[in-house]
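Let me begin by presenting the structure, written as structure tokens, before commenting on it.
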């Protein structure tokens, strides 16, 4: 890996142990945000990260919230240079049941090229790689190439409840051109991936009533509508026989898959039978699209749960009067959640025959996210490409993501900035599970990638 | 009501208070069979009923079971006379929550022409009317017109778990021509009803699996089958658009509605809009049949409950891998439960597309019951007609019943005897509910009806 012509890599090679020791010190902190018992650990950790920032020559502030504090590290102003916000989090998931861990979760443990410990991958290892990159830049280059802010929050694992307010408060002084988040996994092991799109979300519930009460299926069975059957009938026709959602307007605005995306998709190694085997399922979805197209490029509508009537042990011979189904739709660019919600509401309400009362209960929603390949955001793709090439010796994969990462929507909404999702986790890191680990190859190469990304962004801006 | 030409009625008039006092003494006994705390009360009550029987000149035996005891009262042998078994139960439902009762449930309380108390209608008032009829017959006639056995069990409210074994044990000495059960309600208030048919039952569960585990609806949504949707699709097509069950063979053997049944049905007062209003439902069922035809003459298939995926508060964005639905089918003469179960199993299994695993789990079943209007059982209709006319001054209603009364099947199977269901309960008696009551009009007239029924059975046999 050593490359004498690359002074950053040279510095990095000389500080591997130093960088790893720092990460271990961070992992050792039991910063479980969901458990009030650890609130003091989070305060201590924020303070420690601020002191680390100061050693890097950054201005360090603890931003208090009604919950756990946030750490804000600010680089010096560099007129004309791009404004970059790096985001990460120092809080972690709980580590229960600790007996399922081979080594204690908060005693970081290196085995081969892996560091084991709660938060090693999510997100301590990744945000620490960024701090190591800043140290490397300072040592080798004497300073940062961009106007930099680093925001490390303590409530990501509990849904970032106070982040929007904090971003609103910081907006007057922090107006980044781009936000960088290393908090995802590479699509393929050791192949860094720019996740340039996320799906949006629309959640709702359908409640259907057919009578004032459940009645005896013997005495009254056969004469009144059955709520479960009526709901099933509606649910069964949401999709047509080709797996398409029949709701009018559902696919309006869906952006067609671009030629470059098809190419990028083909570069992503994917063993469909292995994937199907892992899930223990037959692949099945919208006609005309491949599995990865279905989960990354197409909106979907899934019933997340259903209940109605008697669901306990044995039997209870009733005609149920109530049935409820929970749904979530995943949206893609350029769908608007409220438009889709309205289409769904109209369709479901129209499905109710006169003998049922149907209530459509809208829930949460979130917009899909897409980094544009053309135009102003093109340089972000190019910077990511160059940075990954420098760090990993290979081009990154460009990949969409099927899930939602709500903070990206907040960065867009509050700060008006796009997000570069360039994760250093490995798909098999066991985040949120026992024996979480972080691949040290991703850690060291990731530091070089982070250095390269800031440089590339600065350069892109100059050109 | 007094009729000097009817010595039974004369006796009855003179003993109204005596009969009512006896019933109150029975209702006062807290014979809740489901609660082990009251086991002693049940033993005491059985002993008391035996002593009452002895006072009537009957042989009285306590038939022990692994649960609560049964009381068997036996009349003297009358060669050539028909053999009649009268069945009832002295156990009652729990009376919780007692605060919902206007008067304490085990302190019988007369208000107007009603007796309030737990068990007043179900079944103490009804079986006590029979004992009063035996006393009346003894006093007026000097003895019984039939070979009589009276079986009063203590476990009806918990499903008569030990009755089949007891019947099997008693079969060598008790081989009735007919069993009389007064444990139902009149179809219309004060209009005694011969329920000449009951529906049978087939219970089953369908379990459907599409994957090894629930998966994230964002990361994996749209690419694999959804268990809830797949089950809903099957459930939605069990019935066609006309409300008919599409399962091949389901309607095989169903006996057509006879001309006399259509006439009898028209004599039953029925306010459909009042019925629909009580249920808060729109009437909806199999095309080509009226509401009462649907619930009494037609087999039905109802989903009793469904569950799958996330059913808690809020949302959980998963693609569920498992869904389960519980079903019960109600059968009519001459359907065979095992044949229907086989048809259902074949159909459901054939509905599973290749991407799901479907398991059909058969549950309980019971045969439909029908007293034949023609042939050997015709005299039972005639005896019931005469007895009700004597007791109530009106002809009985002949009505089918939509539910199942499993003991009738046991009487048929073990003793080979048909059952005359001639209930004295009123549809508004609030059995199993707070403030249960018994209409004293039904009680006194019912005693006369019982006297008349035994006489009519004896006479029918002679003619």
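For region A:433-453, state whether one or more residues are at pLDDT below 95, surrounded by fewer than 19 Cβ atoms within 10 Å (Cβ to Cβ) and over 30 Å from residue A:17 (Cα atoms). So far as region A:433-453 goes, no, none of its residues is at pLDDT below 95, surrounded by fewer than 19 Cβ atoms within 10 Å (Cβ to Cβ) and over 30 Å from residue A:17 (Cα atoms). Take the residues of region B:353-387 that are assigned to a loop (DSSP other than H, G, I, E, B) and within 22 Å of the chain's Cα centre (by Cα): which is modelled with the lowest pLDDT? Taking the candidates together, the pick is B:367. Being in contact with a strand residue (DSSP E or B) (Cβ under 9 Å, 6 or more places away or on another chain) and either free of Cβ contacts under 8 Å to residues at least 24 places away in the same chain or within 13 Å of another protein chain (Cβ to nearest Cβ) (or both) is true of residue B:227. For region B:258-317, the set of residues classified as more than 7 Å from every other protein chain (Cβ to nearest Cβ) and assigned to a strand (DSSP E or B) consists of B:301 only.
No other residue among A:88, A:143, A:159 is under 21 Å from the mean Cα position of the chain (by Cα) and surrounded by fewer than 19 Cβ atoms within 10 Å (Cβ to Cβ) apart from A:159. Within the set A:291, A:324, A:300, the sole residue that is at pLDDT 95 or above and either surrounded by 24 or more Cβ atoms within 10 Å (Cβ to Cβ) or on the phi > 0 side of the Ramachandran plot (or both) turns out to be A:300. Does residue A:94 satisfy the criteria of being within 25 Å of the chain's Cα centre (by Cα), in the same structural domain as residue A:424 (by TED's automatic domain parsing) and modelled with pLDDT under 95? The answer is yes for residue A:94. So for region B:201-219 (the condition being under 15 Å from the mean Cα position of the chain (by Cα) and either surrounded by 24 or more Cβ atoms within 10 Å (Cβ to Cβ) or not assigned by TED's automatic domain parsing to the domain that holds residue B:349 (or both)), does at least one residue qualify? Yes, there is a match, as at least one residue in region B:201-219 is under 15 Å from the mean Cα position of the chain (by Cα) and either surrounded by 24 or more Cβ atoms within 10 Å (Cβ to Cβ) or not assigned by TED's automatic domain parsing to the domain that holds residue B:349 (or both).
Flag set for residue B:373, criterion: in contact with a helix residue (DSSP H, G or I) (Cβ under 7 Å, 6 or more places away or on another chain) and outside the structural domain of residue B:222 (by TED's automatic domain parsing).
When residues in region B:181-199 are screened for being out of contact with any strand residue (DSSP E or B) (no Cβ under 7 Å at 6 or more places or on another chain) and within 13 Å of chain A (Cβ to nearest Cβ), 0 of them pass. Checked against the criterion of being farther than 30 Å from residue B:282 by Cα, assigned to a strand (DSSP E or B) and more than 8 Å from every other protein chain (Cβ to nearest Cβ), the candidates A:206, A:254, A:202 yield just one match: A:202. With respect to the conditions (1) buried (at least 17 other Cβ atoms within 10 Å of the Cβ); (2) in a loop (DSSP other than H, G, I, E, B); (3) over 21 Å from the mean Cα position of the chain (by Cα), residue B:249 falls short on a single one, namely (1).
Once region B:175-200 is narrowed to residues that are surrounded by fewer than 20 Cβ atoms within 10 Å (Cβ to Cβ) and touching a helix residue (DSSP H, G or I) at 6+ places or on another chain (Cβ under 8 Å), the residue that is farthest from residue B:381 (Cα to Cα) is B:175.
In this structure, is residue A:333 at pLDDT below 95, closer than 18 Å to residue B:326 by Cβ, more than 8 Å from chain B (Cβ to nearest Cβ) and surrounded by fewer than 23 Cβ atoms within 10 Å (Cβ to Cβ)? The answer is no for residue A:333. Selection of region B:230-246 for residues being within 9 Å of chain A (Cβ to nearest Cβ) and in a strand (DSSP E or B) yields only B:239. With the condition kept exactly as written, say whether any residue in region A:417-434 is touching a strand residue (DSSP E or B) at 6+ places or on another chain (Cβ under 7 Å), more than 26 Å from residue A:395 (Cα to Cα) and in the same structural domain as residue A:154 (by TED's automatic domain parsing). No: region A:417-434 contains no residue that is touching a strand residue (DSSP E or B) at 6+ places or on another chain (Cβ under 7 Å), more than 26 Å from residue A:395 (Cα to Cα) and in the same structural domain as residue A:154 (by TED's automatic domain parsing). Residue check: is residue A:285 touching a helix residue (DSSP H, G or I) at 6+ places or on another chain (Cβ under 7 Å) and either in contact (Cβ under 8 Å) with a residue 60 or more places away in the chain or farther than 17 Å from residue B:222 by Cα (or both)? The answer is no for residue A:285.
If you go through region A:200-224, how many residues are without any contact (Cβ under 8 Å) to a residue 24 or more places away in the chain and touching a strand residue (DSSP E or B) at 6+ places or on another chain (Cβ under 7 Å)? Of the residues in region A:200-224, 1 are without any contact (Cβ under 8 Å) to a residue 24 or more places away in the chain and touching a strand residue (DSSP E or B) at 6+ places or on another chain (Cβ under 7 Å). Looking across region A:398-420, the residues that are touching a helix residue (DSSP H, G or I) at 6+ places or on another chain (Cβ under 7 Å), away from chain B (no Cβ under 14 Å) and either crowded, with 24+ Cβ neighbours inside 10 Å or outside any loop (DSSP other than H, G, I, E, B) (or both) come down to A:398, A:407, A:410, A:414, A:415, A:419, A:420.
Summed over region B:14-36, residues that are assigned to a helix (DSSP H, G or I) and modelled with pLDDT of 95 or more total 13. Among the criteria (1) touching a helix residue (DSSP H, G or I) at 6+ places or on another chain (Cβ under 7 Å); (2) crowded, with 20+ Cβ neighbours inside 10 Å; (3) more than 12 Å from chain B (Cβ to nearest Cβ), the one residue A:344 does not fulfil is (1).
The values are calculated or read from the model by the stated rules, or taken from the named source; none is laboratory data. Not measured: the values here are computed from a predicted model. As a convention, Cβ positions derive from the backbone with ideal geometry for all residues, glycine included, and neighbour counts pool all protein chains shown.
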